[in-house]
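The values are calculated or read from the model by the stated rules, or taken from the named source; none is laboratory data. From a predicted model like this one, the values you see are computed outputs, not experimental measurements. Glycine also receives a Cβ, built like all others from the backbone with ideal geometry; neighbour counts cover every protein chain displayed. Keep in mind that these areas ignore ligands, DNA and RNA; they rest on the heavy atoms of the full protein, side chains included. Shrake-Rupley method; radii C 1.70, N 1.55, O 1.52, S 1.80 Å.
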Amino acid sequence: MASHAWIPTRRRLADTAPAVIAPVCACVLSVGGLAAWTATGNAGSPADIGVTDARLYLPAQGTPETAAFFRITNTGGSDDRLLSVSSPRVSGDIALSRHGMTAGGAAYRQVADSLTVPAGDTLDMSPFSSDVTVPANGDWRPGDLVPFTLRFEHTGRVGALAVVIRPGTE
């Protein structure tokens, strides 16, 4: 019995090419998709949000709104966004705000749809960066604790207790 070695001829290569091309294309598409997913920041560990240093300015008499500030730390590997803030001790709409300066040096506040908390970084709200604009409550006193719930795009809800302070005493 004679042994026949497989010899690559044009016909044999053409017949086996579809069997090889399909898995190669699938691998290339998979690796490309994973690379795009990673490049857009969706790979890695999820956001890990912590909220500290929550404070709420005591509103001045007759002022319709005040501001709350939070230090939001993201120790995870993905960005997250603060979407909204609520509190059972606040009646009315609570809004996220950004602060800026005009070319003439005047300060202004702009309502924000969301605030980004970058991966491995901190969003440290202040009167000079961003805050949570809150309708004033005349019953608040310095030292009171006001509960807030911060809602994030990926993390979900995170609770925080803000201490009421007089502006400038922090």
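Determine the pairs where a residue that is surrounded by 15 or more Cβ atoms within 10 Å (Cβ to Cβ), located within region 94-109, has a partner that is assigned to a loop (DSSP other than H, G, I, E, B) with Cβ atoms under 8 Å apart, the partner being 6 or more residues away or on another chain.
Sorted first by the residue in region 94-109, then by its partner, the pairs are Ile94/Ser87; Leu96/Asp113; Leu96/Ser114; His99/Pro127; His99/Phe128; His99/Ser129.
Yes/no per residue for (1) outside any loop (DSSP other than H, G, I, E, B); (2) over 23 Å from Gly50 (Cβ atoms); (3) within 13 Å of the chain's Cα centre (by Cα):
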residue	(1), (2), (3)
Leu83	yes, no, yes
Gly92	no, yes, no
Gly104	no, yes, no
Thr116	yes, no, yes
Val134	yes, no, no
Asp139	no, yes, no
Val146	yes, no, no
Leu150	yes, no, yes
Ala162	yes, no, no
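Hey, can you tell me all the residues within region 63-116 that are over 23 Å from Val163 (Cβ atoms) and of a type in the set (Lys, Arg)?
Hits for region 63-116 are Arg81, Arg98.
Against the condition surrounded by 10 or more Cβ atoms within 10 Å (Cβ to Cβ), modelled with pLDDT of 70 or more and under 45 Å from the mean Cα position of the chain (by Cα), how does Ala43 come out, does it pass?
Answer is no for this residue.
Could you look through region 57-86, keep only residues that are of a type in the set (Gly, Ala, Ser) and open to solvent by 30 Å² or more (accessible area, probe 1.4 Å), and pick out the one that is farthest from Ser114 (Cα to Cα)?
In the first step, residues of region 57-86 are kept if they are of a type in the set (Gly, Ala, Ser); the result is 60, 62, 67-68, 76-78, 84, 86.
Next cut, open to solvent by 30 Å² or more (accessible area, probe 1.4 Å) only: 60, 62, 77, 84, 86.
On the way: Ala60: 27, Gly62: 28, Gly77: 19, Ser84: 7, Ser86: 14 Å.
Across region 57-86, the extreme among qualifying residues is Gly62.
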